[in-house]
Ligand code: NAP
Ligand code: HSE
């Protein structure tokens, strides 16, 4: 067995960075044995913002720096790990590492989805890989699954619950009746949420991950500005409760779907799915990614989608691969686009059934008025739901749910704009897709 070590420069020693330290401390010997001596990882530099912060692991003081570039420039560092988050300082760091021909391991989906075009081009030019297993679905090895295990498949469909924070919040609201702010605070305390949780709750963290999955699966870089994204921040207990009355649960779902004409449908939004579907039982911080390949058929990848050690587990797997590729002069394993003709399906053309909740003044003809507009737009109603408050059966304002047969989103938007003009409507209609999975 060889005993020469691979030097790691760790940028970021927060939730995930300190998890990487812990796993190397605990399992470094095991990793070395399992790799038959190829992988012996030694952390040689750690960059943080605040040197005085109390940390939950004990790393020697002389490893720490506040200068990110030390992590790249230290001659004892062979691989740079970016775990600081964000798209500016992280971009500069990753670009500097690639220019120095030091392979990069990152868990930063925002960076790769927003600025991947520049970084993957640089990776190619410098013949230096970017590894990003931790960027999608935390501890689930989904990147390697798509890049390697499923290389022989045309990937027809990906449906994912890929934001642990949103999934955790929705479950706490559904099962424990918690309010949104309390559930969000719990997710933050548990280390699931991003430093700025905006991207978790507005859907963009999941969308960034879906963009990466879609780019890997279909070979072209998907432009975030073309992607339809809604988050959970406006999901309220009333809709969760109505969903339950109707046999559904609310989940933040991301879709990457290959259509017959070769275009790719990609979208992220809170959606209703049947309580009986397997994804309905993916709870808390767990993620699940259902993939359908033309050879494999349907498969489901399930595991912890966020949190310290699950995410660090993915970082370590990339570190092992990067270390091996340095030692064995392996080929570039990062992502390189291989298609220039990739097209996305316009959101207006995407079709599902719908749940629409109208807040209305309970006056004569309100149902008829709404139904007429829907019918005139060619939208069929499959059911309605409007429970009467037993304590206030003559309430002046009521919530009225219409369930619609499958239809394209474009005409639905047109119809809803007309409904909103009715004087009986007191708020913007609330729309959820009902997904038949
Ligand atoms: P975190 O707990 O907020 O840690 C960020 C670390 O980066 C901190 O140690 C911070 O230093 C350091 N840092 C930030 N900006 C810096 C700068 N300009 N210079 C030097 N150090 C800097 O974040 P995290 O949860 O570990 O997440 C890190 C990355 O992993 C993010 O891209 C995130 O999206 C991704 N990720 C996280 C999870 C998860 O479950 N948390 C899962 C998958 C992927 P201080 O400690 O001094 O503040
Ligand atoms: N904030 C992210 C989540 C971390 O909650 O899923 C994992 O990428």
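Total residues in the range 77-100 satisfying the condition of being over 17 Å from residue 320 (Cα atoms) and more than 10 Å from ligand 1 (Cβ to nearest atom): the figure is 8.
Taking only the range 6-33 into account, find how many residues are within 14 Å of ligand 1 (Cβ to nearest atom) and either farther than 25 Å from residue 100 by Cβ or under 24 Å from the mean Cα position of the chain (by Cα) (or both).
13
Listed here are the residues, each with its yes/no results for (1) modelled with pLDDT under 95; (2) within 16 Å of ligand 2 (Cβ to nearest atom); (3) assigned to a loop (DSSP other than H, G, I, E, B); (4) crowded, with 18+ Cβ neighbours inside 10 Å.
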position	(1), (2), (3), (4)
18	no, yes, no, yes
22	no, no, no, no
36	yes, no, yes, no
43	no, no, no, yes
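Here is a list of conditions, (1) surrounded by 16 or more Cβ atoms within 10 Å (Cβ to Cβ); (2) away from ligand 1 (no atom under 16 Å from the Cβ), and residue 244 meets all of them except one; can you say which number that is? If we test residue 244 against (1) surrounded by 16 or more Cβ atoms within 10 Å (Cβ to Cβ); (2) away from ligand 1 (no atom under 16 Å from the Cβ), just (1) comes out false.
Within the range 410-437, being in contact with a helix residue (DSSP H, G or I) (Cβ under 7 Å, 6 or more places away or on another chain), assigned to a helix (DSSP H, G or I) and either modelled with pLDDT under 95 or buried (at least 19 other Cβ atoms within 10 Å of the Cβ) (or both) holds for 415, 419.
For the range 194-207, the set of residues classified as in a helix (DSSP H, G or I) and more than 9 Å from ligand 1 (Cβ to nearest atom) consists of 198, 200, 201, 204, 206, 207, listed by residue number. Taken over the range 359-383, the criterion of being more than 27 Å from residue 228 (Cβ to Cβ) and loosely packed, with under 13 Cβ neighbours inside 10 Å is satisfied by 363, 364, 365, 368. Taken together, the residues in the range 149-193 that are over 16 Å from residue 253 (Cβ atoms) and within 16 Å of ligand 2 (Cβ to nearest atom) amount to 14.
Run down 62, 70 and say which single residue is more than 16 Å from ligand 2 (Cβ to nearest atom), over 20 Å from residue 309 (Cβ atoms) and loosely packed, with under 12 Cβ neighbours inside 10 Å. Reasoning before the result, please.
Details: 70 fails: loosely packed, with under 12 Cβ neighbours inside 10 Å.
Matching residue, one of 62, 70: 62.
Taken over the range 104-137, the criterion of being in contact with a strand residue (DSSP E or B) (Cβ under 7 Å, 6 or more places away or on another chain), part of a loop (DSSP other than H, G, I, E, B) and within 17 Å of residue 8 (Cα to Cα) is satisfied by 132 alone.
Applying the condition of being within 16 Å of ligand 2 (Cβ to nearest atom) and buried (at least 24 other Cβ atoms within 10 Å of the Cβ) to the range 291-315 and asking which residue is nearest to residue 26 (Cα to Cα) yields 312.
The values are calculated or read from the model by the stated rules, or taken from the named source; none is laboratory data. Computed from a prediction, not measured in an experiment: that's the story for all the values here. Note: ideal-geometry Cβ built from the backbone for every residue, glycine included; neighbour counts use all protein chains shown.
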